[in-house]
Amino acid sequence: MFKTVQWKLVVIYLLLVLLAMELISVYLLQSLDQYYLDDYSERMSTEAELAKSLLQRHMTEEQDADQISQLLGEFGQQAHNEITILDENGRVLATSSGEEELQGNIIVEEEITRALAGSQGSNIRINPNTNIRQKSLAIPIESGNQVIGAVYLVGSLERVDNTLSEIRTILFTGTLFAMLVTALLGIILSKTITKPVKVVTRTAQAMAQGDFNQRIDVKSDDEIGNLGRMFNHLASRLDSTLKEISSEKGKIEAILTQMSDGVIAVNSNKEIIHINPAAERMLNVEREKLRGQCAKELLSKFFTDEEFDQILKGETNVKEEKNLTTNEDMVVRAQLVPFKSEEKQYEGVIIALNDITEQEKLIQMRQEFVANVSHELRTPLTSVKSYVETLLDGAHKDDEIAPRFLKVVQQETDRMVTMVKDLLVLSQLDRKEPIIECRDINFMDVLDRSISAIESLTKDQKIELHLDYKSLEGEYIDVFNEKPEFIRISGDSDKLTQVFTNILENAIKYSPSGEWIQITVEDYYENIKISVKDNGMGIPAEDLPRIFERFYRVEKARSRARGGSGLGLAISREIIRNHGGDINVSSQEGRGTEVIVYLPKNQEVQYELGAN
């Protein structure tokens, strides 16, 4: 708190007032002390002279101690000080206090010695018994030119000291009051100085934080007013300059930030001075940690020290392109271009990064697609060709072999037709053609149709289906015993039937004979959750992330033998997503698989397939 200018000024005011009051108090107390002492000394001298004049005659005659004591006792009753009469040797003749034991004693004091020498003597000392100041005065008693004795007065200065103490208390109280008033006035008056300074400070802080529209309201023509005017002029110039710089920088930053290509700027010391978000994302690095720091490990991916030196020397303008694979399996193409300073000297290198991951993936997908289609069609075609050749060789005449071979040809042909249909659907998916016709339907009808479609398959495999329904109230119902209420959703009944038929077929195909499959429909306010759980062979953990890929099969030979093409789940996911839902698969090898589908109830869905 006391570090502020305002409080420093207040403290200065207080110190000045305290110093002034102390000086005044010291001077006043000393003056009053001297005044009271002078007044007391004058009254003491008067009493001494009166006592001298009263006793001088008796001192010149025979010194009758009793008579002197009697006279002194009568005078002492009216006196304010203790009076002692001494002879020329300093021996006590009488005292106003009447203490007889002092008579005859010799008092040796400096002031008495001076009085017996013919001059007046006085002194102020502290009484050791009372610790109070006392004033002593001794004047000579003369007879002619001869000193025959002395009058010695001793008086207490307690009243003087008490008066000075009261005055000292008054001055102390006055000092405290003056300091309090000074503090209040100092706070008020110092604001007239500190307030403009605070305004300048706040304005400077706002400008330091980027607000250059702040201005100071100048109300005076003094030094602070001139400071405010110069500050406003500086702020205007600075605001104008920074706006120009910010505008140009903003344009460059906007371009670099919004660029889909990555950009890295490296100075001649191989320090990264800038990296845009695209490059940060491509290389999986944090921009703030790299800026201004030497990142040799990162830069070594793009050039060697020799190549960097060649670029800076101008021996080559653009380095040959490089394709890099990052930690995120992203393929990046890099181009290196040197940049120059205003002095036309090469200062560093710009690294331009282009993400070609999708291009590489597309090329790979096309290659895999052609290979998969060729492989999937080659097997049934080879089978058909071999059976047809056998029939042509004469087997068609055999009434037992011919029908069996023709049935195999028909099955393989149906398999190829199904595959071609799936490929056509995938083609429509890729072209985002609208093939879904959404309307209000009862989802339980979809399940009924799907279960009916695989009824013969369940009988062949001796698979038992369990179908439960969980209502909004959380009550479970066995659907085969009690039909649930109408579950209204917006969707394409045929396409959804295709999805759940495919899911159920997969569950049956990969479950051992005699097992059961649990189907659970859970009804919620916004959507429904459909779970299909089997106790089959399960899916290995490494295969789970790829089961929705086209033509991907966990066990290719076994899947093909069971009629699978590897396209069913890929098509199912696209259909579900285009209904505004989602599909997930969880599995443990050897313990079964669970497919969970979420479908919205009466919400708007995407009618165009492929618009995820």
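Every read-out reported here was derived from the displayed coordinates using simple, explicitly stated rules and does not represent laboratory data. This one's a predicted model, so the numbers in the text were calculated from it and none came from an experiment. Cβ sites come from the backbone with ideal geometry, for glycine too, and all protein chains shown count toward neighbours.
Treating each Cα of the stretch 97-204 as an identical point scatterer and summing with the Debye formula, the log10 of I(q)/I(0) at q = 0.10, 0.19, 0.20 Å⁻¹ comes to -0.56, -1.03, -1.08.
Each residue in Lys397, Lys361, Lys270 was given a count of other beta-carbon atoms within 10 angstrom of its own, and listing them fewest first yields Lys397, Lys361, Lys270. Under conditions of 25 °C and 0.890 mPa s, the stretch 435-600 yields 151 µm² s⁻¹ as its translational diffusion coefficient, taking Rh as the Kirkwood radius over Cα pairs in the Stokes-Einstein equation.
Converting phi to 3J(HN,Hα) with the Karplus coefficients 6.51, -1.76 and 1.60 and the offset θ = phi - 60°, the stretch 501-507 yields 5, 5, 5, 5, 4, 4, 4 Hz in sequence order, with x at every glycine or proline. For the stretch 218-258, the mean projected area of the C-alpha convex hull, equal to one quarter of the hull surface, is 3.3 nm². When the alpha carbon gyration tensor of the stretch 360-429 is reduced to an equivalent ellipsoid, the three semi-axes, largest first, read 33, 13, 6 Å.
In summary, the convex hull built on the alpha carbon positions of the stretch 1-46 has an orientation-averaged projected area of 3.3 nm². Computed over neighbours whose Cβ is under 15 Å from that of Lys385, the net charge equals -1, Lys and Arg +1, Asp and Glu -1. For Thr593, Thr46, the sequence from fewest to most other C-beta atoms within 10 Å is Thr46, Thr593.
Taking the fewest neighbouring Cβ atoms within 10 Å as the starting point, the ordered list for Glu111, Glu437 is Glu437, Glu111. Pairs from the table (Lys198/Lys249; Lys361/Lys385; Lys459/Lys533) lying more than 24 angstrom apart at Cα are Lys198/Lys249; Lys361/Lys385. Mean projected area of the Cα convex hull of the stretch 198-242, taken over all directions, amounts to 2.8 nm².
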